[in-house]
Amino acid sequence: QVQLVESGGGLVQPGGSLRLSCVASGNIFSINAMGWYRQAPGKQRELVARIFSGGSTNYADSVKGRFTISRDNAKNTVYLQMNSLKPEDTAVYYCNADLQRSPLSMSYNYWGQGTQVTVSS
């Protein structure tokens, strides 16, 4: 089994900061990429940021310059530092990992349960 557990969500005022963490645990051979997606009420889930095993990253245009994704490969953990938060960043944030459970297996996507981020005064 593989489990992704997020933490760090909460309520913050506009302009504030939050740091999300996600730990992947279980039967894991290698992780190709980890990332964060978000889903606001009435909207589709969208990519926020993603980081690959080699360290390359990509970001949604709406968060570039404000959010930073990082990864600790030894701990199977991904972080999302969110600065200059705006009300439109309010959403449930989901951790995602593209990983292999054994050397001969294909890679699959796994999801966390989500953590609520609310930006409001």
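Computed from the coordinates by the stated procedures, all read-outs in this text should not be read as laboratory data. What you see is a predicted model, and the numbers here were worked out from it, not measured in a lab. For neighbour counting, all protein chains shown are included, and Cβ atoms are generated from backbone atoms with ideal geometry for every residue, glycine included.
Sort 109-117, 59-67 for me by packing, meaning the mean count of neighbouring Cβ atoms within 10 Å per residue, highest on top. Intermediate values should be presented prior to the final figure.
Details: 109-117: 16.7, 59-67: 14.4.
So the peptides 109-117, 59-67, ranked by packing, come out 109-117, 59-67.
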### Summary
Rounded to two decimals, the Rg over Rh value of the chain from Cα coordinates and the Kirkwood Rh reads 0.98
### Message
For a Förster distance of 22 Å, can you work out the FRET efficiency between the beta-carbons of SER30 and GLN81, rounded to the nearest 0.05?
### Response
0.35
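If you stretched the chain out fully between SER53 and GLU88, how much longer would it get, using 0.36 nm times the residue separation minus the C-alpha to C-alpha distance? Walk me through the intermediate numbers first.
Details: separation 35, 0.36 × 35 = 12.60 nm, distance 2.95 nm.
Stretched out fully, the SER53 to GLU88 stretch lengthens by 9.6 nm.
At a Förster distance of 30 Å, what's the computed FRET efficiency of VAL2 paired with LYS64, Cβ-Cβ distance as r, to 0.05?
Numbers: r = 30 Å, r/R0 = 0.99.
For VAL2 and LYS64, the calculated efficiency is 0.50.
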### Message
Please enumerate, by chain and number, the aspartates and glutamates with C-alpha under 14 Å from the C-alpha of LYS43, excluding those fewer than 8 residues away in the same chain.
### Response
GLU88, ASP89
